[in-house]
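Okay, structure first, notes after.
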Amino acid sequence: MRHPLRKAALVSVGATAALALASGPATAAPSSWTVGPTSPVTFSASSTNTVLNLNGIPLTCPTASAGGSLFNATGSPGHIGNITSATFGTTANPCTSPVGPVTPVANTSTPWRLWGADYAASTGTTTGYIDRVNATLTVLTCSFRVTGQVQTSYRNSTGTLTISTNATRKLTVSNASPGCAGITANGDNPGFNGAYRVRAPAGGTTSPTIVGNP
């Protein structure tokens, strides 16, 4: 007569094996990254809606742009690009908020870095992040600085770079002036969301490709 504990153990092992086969092999993070059409390549990016959400106050920019370069890389995460210019709003289409006009000024004297972390070959999507984000914003008499990181997702088929913040990739407020009372304070973590259409080479009509290699 078989021992009931042994029978239960065999059932458990069988179920675990079946689950492993059903879920398929584990995917490994890319060991290298290839960008196209060439490496390195300059890029330009534009957005028609970026929003910095500050304690429930949306700071909205109807236009935004960025530029820099993309290049091949190794490792995961892999450093696949630098952002050397970024603007938010124009004289004709300024950034706005419920409490007044907004003037953001990006500081890219130290380039913001684009990193690739994971790649989904089935959709041609690279997820990663941008670090070294650094900008100063002015709202009426309130002036403050935001620094940190943002989460990114780029899909080759659409040429769209989606940007957001989360608990890991976040921005932090510092150098808040006295006029910021009731708007923001040092240590706040504003949310950011935006979608950029990317072109490479810069000013061209085609989108770059980013591929993570096993």
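The values are calculated or read from the model by the stated rules, or taken from the named source; none is laboratory data. All figures in this text were calculated on a predicted structure; none of them were measured in a lab. A quick note on method: Cβ atoms are made from the backbone with ideal geometry, for glycine too, and the neighbour counts reach across all protein chains shown. Heavy atoms of the whole protein, side chains included, go into the accessibility calculation; ligands, DNA and RNA do not. Shrake-Rupley method; radii C 1.70, N 1.55, O 1.52, S 1.80 Å.
Within region 134-147, the set of residues being crowded, with 20+ Cβ neighbours inside 10 Å and within 23 Å of Val198 (Cβ to Cβ) comprises Val146 only. Of the residues examined, Ser46 is not one that is in a loop (DSSP other than H, G, I, E, B), surrounded by fewer than 16 Cβ atoms within 10 Å (Cβ to Cβ) and of a type in the set (Gly, Ala, Ser). Only residues that are under 11 Å from the mean Cα position of the chain (by Cα), open to solvent by less than 20 Å² (accessible area, probe 1.4 Å) and of a type outside the set (D, E, K, R): list them for region 115-133, please. Passing the criteria: Gly116, Thr126, Gly128, Ile130, Val133. Remark: Ala106 matches the filter, which requires a residue to be aliphatic (A, V, I, L, M) and open to solvent by less than 70 Å² (accessible area, probe 1.4 Å). Scanning region 25-36 for any residue that is at pLDDT below 95, more than 25 Å from the chain's Cα centre (by Cα) and either loosely packed, with under 15 Cβ neighbours inside 10 Å or charged (D, E, K, R) (or both) turns up at least one such residue. Going by the conditions given, is Thr172 polar (S, T, N, Q) and in contact with a Ser or Thr (Cβ under 9 Å, 6 or more places away or on another chain)? So Thr172 fits the description; yes. Restricting Gly159, Gly203 to residues that are at positive phi, touching a residue at least 60 places away in the same chain (Cβ under 8 Å) and more than 12 Å from the chain's Cα centre (by Cα) narrows the list to Gly203. Kindly establish whether Gly148 is on the phi > 0 side of the Ramachandran plot and in contact with a strand residue (DSSP E or B) (Cβ under 9 Å, 6 or more places away or on another chain). Judged against the criteria, Gly148 is a match. Would you confirm whether any residue within region 165-174 is under 24 Å from Val211 (Cα atoms) and over 16 Å from the mean Cα position of the chain (by Cα)? No - not one qualifying residue is present in region 165-174.
Where residues in region 148-194 are of a type in the set (A, V, I, L, M) and open to solvent by 80 Å² or more (accessible area, probe 1.4 Å), which of them is nearest to Ser122 (Cα to Cα)? Among residues in region 148-194 that are of a type in the set (A, V, I, L, M) and open to solvent by 80 Å² or more (accessible area, probe 1.4 Å), the one nearest to Ser122 (Cα to Cα) is Ala167.
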